[in-house]
């Protein structure tokens with residue numbers, strides 16, 4: 001089957017399957033062929049279950065032939081982040097400690113995707129325990145950016161973003177604490193939504209009350225993200241922070257009139273930003289104006305955001321991985337050890353102070369967002385960098401204090417608790433993808449999707465495929481025609 005099908009949207013693919021213009025098995029065969037062509041070079045899918053996926057695709061077609069009820073994602077291939085528990089599928093967390101671990105249960109998000117008819121093909125690469133926005137680990141190695149294989153794809157949901165951008169799967173899941181859905185989407189010209197905490201319940205979870213890390217959808221289009229969110233969102237009694245609104249609310253049309261909607265435009269959030277990123281964002285400012293938005297240059301007061309994030313993140317790492325440090329220190333990478341040990345140095349007063357400052361920060365952000373319905377800013381402060389560089393050490397001559405400092409434009413938003421999305425915005429002169437970050441009001445995930453959709457429809461940037469996919473597709477076509 002022509003690999004064109006691999007770059008159709010998930011929404012279109014779902015419709016074609018329902019119309020019987022395309023079978024689930026045909027789509028799965030196309031996806032697996034694309035993985036066979038591109039994955040050896042890009043290293044996005046790290047555990048593949050091809051025979052199992054084909055068998056499930058065949059079963060999906062038989063179910064449809066019997067006239068049984070079909071889920072919203074019926075027959076669509078999906079890949080899961082290698083931090084997510086998947087029953088019967090190896091789950092390594094990117095760590096040598098778990099290189100042979102096969103869980104006997106699914107994470108809730110995996111259960112919901114499968115219940116909606118999606119077919120799990122395997123796992124996507126991630127840095128060890130999701131620590132850092134550069135996807136490499138000691139188990140599977142590094143994942144390359146499909147737009148320039150000398151560059152990083154970002155992280156920590158890096159394998160997911162690459163699999164989407166290269167047409168291997170139409171949907172993928174991911175998680176986001178400091179930017180792990182937004183950063184790789186930004187670097188790979190796809191869409192990643194940091195959902196509101198509780199929008200997608202997390203179970204099982206060691207820290208069920210935590211609102212720092214979330215799970216959410218990744219796709220090539222905003223509409224596809226909404227489609228995926230419609231099946232993974234919704235209350236679950238096992239999550240104490242789960243939002244009660246049903247996922248079905250995201251199955252509504254996204255079109256909206258934005259005439260007169262007030263939007264805050266912050267070119268840098270008061271942070272150092274690479275000039276190439278700024279140039280791309282500024283080039284799209286007229287697009288938002290053309291949508292009818294009333295743009296003001298304005299930046300919320302995010303004082304203490306860095307202290308809050310670094311404190312609560314370190315605490316979370318100690319809670320989650322402290323025991324592993326005691327038992328397997330020699331197998332953990334240095335940045336994971338650093339995070340855990342930072343958590344162990346905290347005392348109750350520091351954690352309490354962080355919580356107080358976070359509440360004050362939220363109140364300031366809430367007041368700001370009463371004046372503006374949306375905030376627009378960079379996703380990352382830099383464009384994709386060298387894949388052999390573990391992290392960004394300086395921006396515009398300013399030295400970074402830690403391996404995640406260059407992610408402040410993402411994690412400052414994290415601590416506010418507001419939903420945010422990365423949607424394709426353009427390309428640098430070197431052809432590197434740059435996304436725009438759209439932040440919405442508290443728990444207004446749908447509004448964020450609406451503005452992102454309007455911008456996407458005006459720009460159509462998601463249609464620009466990575467060069468590696470085009471090149472290998474052409475060489476494959478040549479081989480078939482004998483030219």
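Just a few scattered comments:
- Test result for residue 429, in contact with a helix residue (DSSP H, G or I) (Cβ under 9 Å, 6 or more places away or on another chain) and either at pLDDT 95 or above or surrounded by fewer than 24 Cβ atoms within 10 Å (Cβ to Cβ) (or both): yes
- Positions within the stretch 392-407 being out of contact with any strand residue (DSSP E or B) (no Cβ under 8 Å at 6 or more places or on another chain), under 15 Å from residue 134 (Cα atoms) and crowded, with 18+ Cβ neighbours inside 10 Å, in sequence order: 392, 403, 404, 405, 407
- Candidates are the residues of the stretch 103-130 that are farther than 18 Å from residue 50 by Cα and without any contact (Cβ under 8 Å) to a residue 24 or more places away in the chain; the one that is surrounded by the fewest Cβ atoms within 10 Å (Cβ to Cβ) is 104.
- If you check 323, 307, 282 for being within 24 Å of residue 182 (Cβ to Cβ), out of contact with any helix residue (DSSP H, G or I) (no Cβ under 8 Å at 6 or more places or on another chain), at pLDDT 95 or above and outside any loop (DSSP other than H, G, I, E, B), only one passes: 282.
- Sole residue being over 18 Å from residue 133 (Cα atoms) and either in contact with a strand residue (DSSP E or B) (Cβ under 6 Å, 6 or more places away or on another chain) or surrounded by 24 or more Cβ atoms within 10 Å (Cβ to Cβ) (or both), chosen from 418, 442: 418
- Of all residues in the stretch 19-36, those that are within 23 Å of residue 162 (Cα to Cα) have Cβ atoms under 6 Å from Cβ atoms of residues that are surrounded by fewer than 22 Cβ atoms within 10 Å (Cβ to Cβ) and at pLDDT below 95, 6 or more apart or on another chain, in 26/1; 30/1; 34/3.
One line per residue, one yes/no per condition, for (1) surrounded by fewer than 17 Cβ atoms within 10 Å (Cβ to Cβ); (2) in contact with a helix residue (DSSP H, G or I) (Cβ under 8 Å, 6 or more places away or on another chain); (3) more than 21 Å from residue 424 (Cβ to Cβ):
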residue: 190; (1), (2), (3): no, yes, no
residue: 200; (1), (2), (3): no, yes, yes
residue: 209; (1), (2), (3): yes, no, yes
residue: 216; (1), (2), (3): no, yes, no
residue: 221; (1), (2), (3): no, yes, no
residue: 229; (1), (2), (3): no, yes, no
residue: 244; (1), (2), (3): yes, no, yes
residue: 259; (1), (2), (3): yes, no, yes
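- Only listed residue being modelled with pLDDT of 95 or more and on the phi > 0 side of the Ramachandran plot, chosen from 437, 389, 443: 443
- Flag if residue 253 is closer than 19 Å to residue 458 by Cβ and surrounded by fewer than 20 Cβ atoms within 10 Å (Cβ to Cβ): yes
- Filtered residues of the stretch 469-483 (kept if crowded, with 20+ Cβ neighbours inside 10 Å and either at pLDDT 90 or above or over 21 Å from the mean Cα position of the chain (by Cα) (or both)): 473
- Residues in the stretch 284-309 that are surrounded by 14 or more Cβ atoms within 10 Å (Cβ to Cβ) and in contact with a strand residue (DSSP E or B) (Cβ under 8 Å, 6 or more places away or on another chain): 9 in all.
- Odd one out for residue 170 among (1) over 25 Å from residue 377 (Cβ atoms); (2) out of contact with any strand residue (DSSP E or B) (no Cβ under 7 Å at 6 or more places or on another chain); (3) surrounded by 24 or more Cβ atoms within 10 Å (Cβ to Cβ): (2)
- Residue in the stretch 130-153 that is in contact with a helix residue (DSSP H, G or I) (Cβ under 6 Å, 6 or more places away or on another chain), farther than 27 Å from residue 427 by Cα and part of a helix (DSSP H, G or I) present: no
- Selection status of residue 179, crowded, with 20+ Cβ neighbours inside 10 Å, on the phi > 0 side of the Ramachandran plot and either touching a residue at least 24 places away in the same chain (Cβ under 8 Å) or out of contact with any helix residue (DSSP H, G or I) (no Cβ under 6 Å at 6 or more places or on another chain) (or both): yes
- For the stretch 392-403, the candidate set comprises residues that are in contact (Cβ under 8 Å) with a residue 12 or more places away in the chain and touching a helix residue (DSSP H, G or I) at 6+ places or on another chain (Cβ under 7 Å); within that set, the residue that is nearest to residue 149 (Cα to Cα) is 392.
- Top-ranked residue in the stretch 358-389 [being touching a helix residue (DSSP H, G or I) at 6+ places or on another chain (Cβ under 8 Å) and in a loop (DSSP other than H, G, I, E, B); ranked as farthest from residue 427 (Cα to Cα)]: 373
- Taking the stretch 161-176 as the range and being part of a helix (DSSP H, G or I) and over 23 Å from residue 17 (Cα atoms) as the test, the residues that pass are 161, 162.
- Selection status of residue 458, more than 17 Å from the chain's Cα centre (by Cα) and not in a strand (DSSP E or B): yes
The values are calculated or read from the model by the stated rules, or taken from the named source; none is laboratory data. Bear in mind that the values here come from a model prediction, so they are computed numbers and not experimental data. Reconstructed Cβ throughout: ideal geometry from the backbone, glycine too, with neighbour counts over all protein chains shown.
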